[in-house]
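Student: Let me give you the structure first, and then I'll get to my questions.
The values are calculated or read from the model by the stated rules, or taken from the named source; none is laboratory data. This one's a predicted model, so the numbers in the text were calculated from it and none came from an experiment. Heads up, the Cβs are rebuilt from the backbone with ideal geometry, glycines too, and the neighbour counts pull from every protein chain shown. To get the accessible areas, we keep the full protein, side chains included, count just its heavy atoms, and leave off ligands, DNA and RNA. Shrake-Rupley method; radii C 1.70, N 1.55, O 1.52, S 1.80 Å.
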Amino acid sequence: MILLQVQQIVKNFGAETILENIKLEVQTNDRIALVGRNGAGKSTLLKIIAGQLSYDGGTISKPKHVQIGYLAQNTGLASTKTIWNEMLTAFTELQAMERDLRALETRLGEPAIYENKEQYDQTMKEYDLLQHAFKEQGGYQYEAEIRSVLHGLRFYEEDYGKLIESLSGGQKTRLALAKLLLARHDILILDEPTNHLDIATLSWLETYLQNYKGALLIVSHDRYFLDKVVNQVYEISRTHIDRYVGNYSRYLVQKQAKLEQQWKEFDKQQEKIAKLEDFVARNIVRASTTKRAQSRRKQLDKLDRLDRPQGDEKAAHFGFQFDRASGKDVLFVEDLAIGYAVDKRVSQQLTFDMKRHESIALVGPNGIGKSTFLKTLIGDIPALSGDFHFGTNVQIGYYDQEQAKLNSNKSILHELWDDYPELDEQAIRTTLGNFLFSDDDVLKVVNTLSGGEKARVALAKLTLIGANLLILDEPTNHLDIESKEVLEAALIDFEGTILFVSHDRYFINRIASKIVEMHPDHAQVYLGDYDYYQEKLAEQREHARLDAQNQPVVAEEKQLTTAKQAFHLDKEQQKILRQKKRKLEEIEVQMEETDGKISEIEHELLDPAIYQDHEAAYARTEQLDTLKQLSEDLMEEWTILSEELEE
């Protein structure tokens, strides 16, 4: 059954067209993802469909009985009620039916009714019909459903009596989502529903939405979430929309295949046009072939010419570089306690270490202290007890998820240039251009930027630091999917060490070589990516289940687990080994180039025209000293890597 049809929708903001000729259809049980770059018009379209925003052309139609529920980005639930009482308002009809049932039960006990057979039978019939409807609509389960949804979104029985107005912004956002889920709308429109959710809550939400009885229309930058939930994808690009069947990964494959086919058809037509134009040019003036040339010209005039295929819109491109590698040991954490006060510890007894080239993801529920831990490492917050220290030659680059330091009245250009005055304006503009800030964009004032723009400025600054240890707190927040993919590519190519916090499981899976799960009283280390971490958690749950049943674990299962561990460990070791070999080859090339330059300058210093010119000789001597120092640094790094490869 068709629940909603969007036909030829047009939306303009002033003279700028945001959406044009937009077509979209929602049927029963559809799970639709709306994707596109930041600013493409995804949220605008959702607001139009939800009736929150007007449009300039086209039509939207739906049956009268179809109800739409809409959750905007970061919408907090505003209420003076307690959590429990507010959730009950999602079931006002059932509560009214319940009151009617109680009233009928009271009437059935009245002598005037039960002593009058006709009235009693009539009241009983009314009661039976109402009770059946009440049961069919979930009247006997709605309180259990409230508890289930609240528990899934991390609200427990002791929270039910809390006033909503006393809660944090993130908690209010989760409660807005909870109430919307409970309302059982025919179409559920969710704009970035995964914001502010930890990994465990995300997993619960995926399962809940997979079993949701209505249709879903979702905007999300969480690719892992989209792969689990949706069965079709609409992409908005350059004001237009295209539909693909399947989840997000399937959409990427289809999109690439479609682009390749478009190029084949375009190239084939261009070849045909070139042949026709060449024939006309060669034969139009010859009497014997004029008619044939005119015929070819008519073919050209009638030809429906294909537009040149358009690939992805311009994306950011950047990388992270450093001049000097750190030592083999990068970080030691020993029995560390973190928090904002001794009596407000969020985690303690944290112990783990970090080696060069590792990429460690910190995971754990919201409030466990992941960001607090990172801020402790960079010195923003003092450690409460225990110890941590960095290895030799470690230079840190820190990315703050809140971009707290990006609130200045400076232009974007001077935000970077003031920190790196040794660079010329062109170098700063080039760096900003890599992050899609061009021409007059660089003159925008920093504190007026959107979250996504601030994220790109923060990343631009990070590329200039030259850090060999990147400490990243939610680096994918505010980034669209294309920007996330560029960031992933840059981090995968990064030759240094990475410690990061992220709720983006797809991102964790691509970047992490080790997972550190934080608990209130310890840190658990898993050697592998996010999928391996999930496998280990599943095994732990199965072991716990078997232990509870007093059943021994089969030896074969233990062998399988050991084999999996060995496979993932070997896979990670091979990855690190390839990185080291590639780096060693790069260093050898640099050493050869540096030695060549040293020999060249030493030869020049033997030339009388040079050594008799004091300024020229001094300049070359300084250059020679710099190159010799670089040669020593390269040799030191080469020696360290060679020793590691021999181990």
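Student: Could you compute the FRET efficiency for ASP301 and ASP242, with r as their C-beta to C-beta distance and R0 at 35 Å, rounded to 0.05?
Tutor: 0.70
Student: On to the next question. Filter LYS583/LYS628; LYS42/LYS228; LYS255/LYS484; LYS11/LYS258 down to the pairs with a C-alpha to C-alpha distance above 25 Å, please.
Tutor: Those over the limit are LYS11/LYS258.
Student: How large is the accessible surface of SER148 in square angstrom, using a 1.4 angstrom probe and rounding to the nearest 10?
Tutor: Rounded to the nearest 10, that gives 60 Å².
Student: Keeping all protein chains in the complex and leaving out DNA, RNA and ligands, what accessible area do you get for THR75 with a 1.4 Å probe, in Å² to the nearest 10?
Tutor: 50
Student: I would also like to ask the following. Just order 183-195, 417-429, 435-447 by mean Cβ neighbour count inside 10 Å, highest at the front, would you?
Tutor: The packing order, highest mean first, is 183-195, 435-447, 417-429.
Student: Could you pull out which residues in the range 37-56 have an amide N less than 16 Å from a spot 7 Å beyond the Cα of ASN12, following the Cα-Cβ vector?
Tutor: So the set is 54-56.
Student: Given N residues in the range 254-302, what is its alpha carbon radius of gyration divided by 2.2 N^0.38 Å?
Tutor: 1.55
Student: Still on this structure, I have one more. Please report, for the Cα atoms of the range 48-130, the Rg to one decimal and the Dmax as a whole number; what are they, in angstrom?
Tutor: 21.7, 66
Student: Let me ask something else about it. Peptides 48-56, 524-532: what's the order by average Cβ count within 10 Å, highest mean first?
Tutor: Averaged packing, sorted descending, gives the order 524-532, 48-56.
Student: What 222 nm value per residue comes from the helices of the chain, counting each DSSP H run with n ≥ 4 as -39,500 (n - 2.57) and dividing by all residues, nearest 500 deg cm²/dmol?
Tutor: Here the helix-only value at 222 nm equals -16000 deg cm²/dmol.
Student: To continue, here is another question. From Cα pairs below 8 angstrom and at least 6 apart in sequence, can you work out the relative contact order of the chain, rounded to a whole percent?
Tutor: 12
Student: Roughly how many whole Å is it from the C-alpha centroid of the range 94-123 to that of the range 339-410?
Tutor: Cα centres, the range 94-123 to the range 339-410: 65 Å.
Student: Of the heavy-atom accessible surface of the range 574-644 (probe 1.4 angstrom), what whole percent is carbon and sulfur?
Tutor: Taking all protein chains in place, the range 574-644 shows 52 percent carbon and sulfur surface.
Student: Full extension from SER61 to ASN211: what is 0.36 nm times the residue separation minus their Cα-Cα distance, to one decimal in nm?
Tutor: Full-extension gain reported as 51.4 nm.
Student: Among DSSP beta bridges whose residues both lie in the chain, state the antiparallel percentage, nearest 5.
Tutor: Percentage antiparallel, nearest 5: 55.
Student: State the extension gain, in nm to one decimal, for the chain segment bounded by ASP159 and GLN262, taking 0.36 nm per residue of separation less the distance between their alpha-carbons.
Tutor: 31.5 nm
Student: Another question, then. Using all C-alpha to C-alpha distances in the range 221-302, build P(r) with 5 Å bins and read off the rounded percent in each one.
Tutor: 3, 13, 14, 13, 9, 8, 8, 8, 7, 7, 5, 3, 2, 0
Student: For the range 293-381, which chymotrypsin sites (Phe, Trp or Tyr not before Pro) pass both filters: DSSP loop (anything but H, G, I, E, B) and at most 14 other C-beta atoms within 10 Å?
Tutor: Those that pass, being in a loop and sparsely packed, are TYR340.
Student: Can you flag which of LYS370/LYS514; LYS514/LYS580; LYS64/LYS172; LYS81/LYS179; LYS375/LYS405 are past 20 Å Cα-Cα?
Tutor: LYS64/LYS172
Student: How large is the accessible surface per residue of the chain, computed with a 1.4 Å probe and reported in Å² as a whole number?
Tutor: Accessible area per residue, the chain: 52 Å².
Student: Still on this structure: Could you give me the ³J(HN,Hα) list for the range 52-58, computed from phi with Karplus coefficients 6.51, -1.76, 1.60 and θ = phi - 60°, whole Hz, x at Gly and Pro?
Tutor: 3J(HN,Hα) across the range 52-58, in whole Hz: 8, 9, 7, 9, 9, x, x.
Student: Starting from the Cα gyration tensor of the range 188-328, take the square roots of the eigenvalues, sort them a ≥ b ≥ c, and report rounded, prolate or oblate (rounded when a/c is under 1.5, otherwise prolate if a/b is larger than b/c, else oblate).
Tutor: It comes out oblate by the Cα gyration axes.
Student: To continue, here is another question. Can you compute the charge dipole magnitude of the range 222-376 about its Cα centre, using +1 on each Lys and Arg Cβ and -1 on each Asp and Glu Cβ, nothing else charged? Give it in debye, rounded to the nearest 20.
Tutor: Computed charge dipole of the range 222-376: roughly 1320 debye.
Student: Report ³J(HN,Hα) in whole Hz for each residue of the range 231-237, in order, from the Karplus equation J = 6.51 cos²θ - 1.76 cosθ + 1.60 where θ = phi - 60°; Gly and Pro get x.
Tutor: 10, 7, 10, 10, 10, 9, 8
Student: Dividing the alpha-carbon radius of gyration of the chain by 2.2 N^0.38 Å (N being the number of residues), what value is obtained?
Tutor: 1.26
Student: Net charge around GLU16, counting only other residues with Cβ within less than 15 Å of its Cβ (Lys, Arg = +1; Asp, Glu = -1)?
Tutor: Here the charged neighbours net out to 0.
Student: For the range 416-448 and the range 225-272, what is the centre-to-centre distance using only Cα atoms, to the nearest Å?
Tutor: The distance from the Cα centre of the range 416-448 to that of the range 225-272 comes to 34 Å.
Student: Mind ranking GLU488, GLU539, GLU157 by accessible surface for me, highest first, 1.4 Å probe?
Tutor: GLU157, GLU539, GLU488
Student: Tell me, what does the Kirkwood hydrodynamic radius of the range 389-430 come to in angstroms if you use every pair of distinct C-alpha atoms?
Tutor: 12.7
Student: Can you work out the Karplus-derived ³J(HN,Hα) for every residue in the range 473-485? Use 6.51 cos²θ - 1.76 cosθ + 1.60 with θ = phi - 60°, whole Hz, and x for glycine or proline.
Tutor: Running phi through 6.51 cos²θ - 1.76 cosθ + 1.60 with θ = phi - 60° gives 9, 6, x, 8, 4, 6, 8, 6, 4, 4, 5, 4, 5 Hz.
Student: Once you put a point 7 Å from the Cα of ALA538 and another 7 Å from the Cα of GLU593, both along the Cβ direction, what distance in nm separates them?
Tutor: 4.7
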